[in-house]
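Enquirer: Quick one: this structure, given as structure tokens, is what I'll be asking you about.
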Amino acid sequence: MSIEPSAPTPLDQLDEQTLSKTLTNFRLSVGPLDHVTGDLAGLVGEHVLQILGMFYPKNIAKKANVVVTELVTNVFENIYDPKSTFELELEAASTGLTILVRNDVSAEQYAKVQARVNLIRETPDLRALVASTIRERRAQRLKGGLGLMRLAQENKFAIESAYLDGRMTVKATYATAVQG
Amino acid sequence: MKILTFGEIMDGGATVFHSVATVDDRSLRHRFEGVIRVDNPYRSLKEHIDELNAKVPGLGIDEILIDFSELRFCNSNGFYVIMDIVEALYLNATEAKVTVRRLDDDDWQRETLPILLNVDDESIGRRTNFQNVRE
């Protein structure tokens, strides 16, 4: 016996609350990294902004844009093996956003990221940490070092990192109040 | 109203970001428009920042509007140039009250922008008023 398909939601019932219950999964894998000569981080960030903007509040789509842009930028500013591949996974639902990026890094590179993630997770005053870090790094015009802090302080994501077989995973999670 | 100085960032053959300062009598308006994503925005905006530092002193500016409402995106590589520009305005028009127009639902403009403006500094904070607008 076949299962009857569901009836489509009438257009006039596709309001914001209904649309925000959409489940969106997005996966991208690109390699080798040295074939990328353009602003891939920007392109993917804008792409995600447009797709999520179709279903979720604009603020959620903007958060995803920032996170994707910062995490993918980190990949290309810290390439360990130019012949390797990076992966991006994004899941959006009414409960929030999960975005992760996986790429090859050395143990030394991972140790720096892990230290930064630990600092973010353990600091009692993240805003003060961001402010002092920006001022210190600006004085020396240092590149990088702000992206992960930004995701946590500005965009309210929880940040985790892991390292397995030479590949680093950075995961950013944002939880919204569950819609009824 | 006249244009005092402007800077732009080009990416892929197109202008992606404008930073424009205009003056009308003793009022200065600085408008940011577009996106900052490039690797080194300072390279594109250095002359603009230098011009602000050279031209704003002596204008007798008593009110400044810094308008971020058309700035759609700023990656962390863009933080320093934003700081350079707003610092040039604050430090070279020391008597001016500053209104900062920003987007109400933008995390960057709500959370990080006040840090870049350094409003925690009492001398900056008391001169600064935020005007929150919807997109």
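The values are calculated or read from the model by the stated rules, or taken from the named source; none is laboratory data. In this text the structure is predicted, and so the values were computed from the model without any measurement. Because the Cβ atoms are built from the backbone with ideal geometry, glycine has one as well, and the counts that use them run over all protein chains shown. All accessible areas refer to the heavy atoms of the entire protein, side chains included, with ligands and DNA or RNA removed. Shrake-Rupley method; radii C 1.70, N 1.55, O 1.52, S 1.80 Å.
Enquirer: Could you grab me the full set of residues in the range B:86-112 that are touching a Lys or Arg at 6+ places or on another chain (Cβ under 6 Å) and under 28 Å from A:Ala152 (Cα atoms)?
Expert: The answer is B:Asp104, B:Gln109.
Enquirer: If a residue must be open to solvent by 10 Å² or more (accessible area, probe 1.4 Å), of a type in the set (Lys, Arg) and within 12 Å of chain B (Cβ to nearest Cβ), how many such residues does the range A:61-89 contain?
Expert: Counting residues in the range A:61-89 that are open to solvent by 10 Å² or more (accessible area, probe 1.4 Å), of a type in the set (Lys, Arg) and within 12 Å of chain B (Cβ to nearest Cβ) gives 1.
Enquirer: While we're looking at this one, here's another question. Out of the residues in the range B:119-135 that are within 11 Å of chain A (Cβ to nearest Cβ) and in contact (Cβ under 8 Å) with a residue 24 or more places away in the chain, which is least open to solvent (accessible area, probe 1.4 Å)? It would help to see each step written out before you state the result.
Expert: Kept after step one, since they are within 11 Å of chain A (Cβ to nearest Cβ), are these residues of the range B:119-135: B:119-121, B:134-135.
Narrowing the set further to residues that are in contact (Cβ under 8 Å) with a residue 24 or more places away in the chain leaves B:134-135.
Values: B:Arg134: 169, B:Glu135: 118 Å².
Going through the qualifying residues, I end up with B:Glu135.
Enquirer: Further question on the same structure: Among (1) open to solvent by 20 Å² or more (accessible area, probe 1.4 Å); (2) modelled with pLDDT under 95; (3) not polar (S, T, N, Q), where does B:Arg101 come up short?
Expert: Tallying (1) open to solvent by 20 Å² or more (accessible area, probe 1.4 Å); (2) modelled with pLDDT under 95; (3) not polar (S, T, N, Q), B:Arg101 fails exactly one: (2).
Enquirer: Hey, among A:Arg121, A:Arg135, which residue is under 20 Å from the mean Cα position of the chain (by Cα), part of a helix (DSSP H, G or I) and exposed (fewer than 15 other Cβ atoms within 10 Å of the Cβ)? Quick ask: steps written out before the conclusion?
Expert: Numbers: A:Arg135 fails: under 20 Å from the mean Cα position of the chain (by Cα).
After ruling out the rest, the residue left standing is A:Arg121.
Enquirer: Hey, another quick one. Select from the range A:17-60 the residues that are open to solvent by 80 Å² or more (accessible area, probe 1.4 Å) and within 14 Å of chain B (Cβ to nearest Cβ) and write down the one among them that is farthest from B:Asp39 (Cα to Cα). Can you show your working first?
Expert: Pass one, the range A:17-60, residues open to solvent by 80 Å² or more (accessible area, probe 1.4 Å): A:17, A:21, A:23, A:25, A:27, A:35, A:37, A:43, A:47, A:50, A:54, A:58.
So of that shortlist, the ones also within 14 Å of chain B (Cβ to nearest Cβ) come out as A:37, A:43, A:47, A:50, A:58.
On the way: A:Thr37: 13, A:Leu43: 14, A:His47: 20, A:Gln50: 23, A:Lys58: 26 Å.
If we take residues in the range A:17-60 being open to solvent by 80 Å² or more (accessible area, probe 1.4 Å) and within 14 Å of chain B (Cβ to nearest Cβ), then A:Lys58 is farthest from B:Asp39 (Cα to Cα).
Enquirer: Out of all the residues in the range A:138-179, which are open to solvent by less than 80 Å² (accessible area, probe 1.4 Å), touching a residue at least 40 places away in the same chain (Cβ under 8 Å) and out of contact with any strand residue (DSSP E or B) (no Cβ under 9 Å at 6 or more places or on another chain)?
Expert: Within the range A:138-179, A:Gly144, A:Gly147, A:Arg150, A:Glu154 qualify.
Enquirer: Restricting attention to the range A:160-179, does a residue exist that is of a type in the set (Gly, Ala, Ser), in contact with a helix residue (DSSP H, G or I) (Cβ under 6 Å, 6 or more places away or on another chain), at pLDDT 95 or above and assigned to a strand (DSSP E or B)?
Expert: Keep residues of the range A:160-179 that are of a type in the set (Gly, Ala, Ser), which gives A:161-162, A:166, A:172, A:175, A:177.
Now narrow it down to the ones that are in contact with a helix residue (DSSP H, G or I) (Cβ under 6 Å, 6 or more places away or on another chain): A:161, A:172.
Subsequent filtering for residues that are at pLDDT 95 or above retains A:161, A:172.
Subset that is assigned to a strand (DSSP E or B): A:161, A:172.
Yes: the range A:160-179 contains one or more residues that are of a type in the set (Gly, Ala, Ser), in contact with a helix residue (DSSP H, G or I) (Cβ under 6 Å, 6 or more places away or on another chain), at pLDDT 95 or above and assigned to a strand (DSSP E or B).
Enquirer: Taking strands (runs of 3 or more DSSP E) that do not extend beyond the range B:17-116, which have at least 3 residues that are within 14 Å of chain A (Cβ to nearest Cβ)? It would help to see each step written out before you state the result.
Expert: On the way: elements: B:27-36, B:63-74, B:97-103.
Counting at least 3 such residues, we get B:27-36, B:63-74.
Enquirer: So, one more: From (1) free of Cβ contacts under 8 Å to residues at least 24 places away in the same chain; (2) closer than 25 Å to A:Lys156 by Cβ, pick out the condition that doesn't hold for A:Gly42.
Expert: In the conditions (1) free of Cβ contacts under 8 Å to residues at least 24 places away in the same chain; (2) closer than 25 Å to A:Lys156 by Cβ, A:Gly42 misses (1) alone.
Enquirer: Further question on the same structure: Can you pull out every residue in the range A:137-153 that is over 13 Å from A:Asn74 (Cα atoms) and either at pLDDT below 90 or more than 9 Å from every other protein chain (Cβ to nearest Cβ) (or both)?
Expert: Correct list: A:Arg137, A:Arg138, A:Ala139, A:Gln140, A:Arg141, A:Leu142, A:Ala152.
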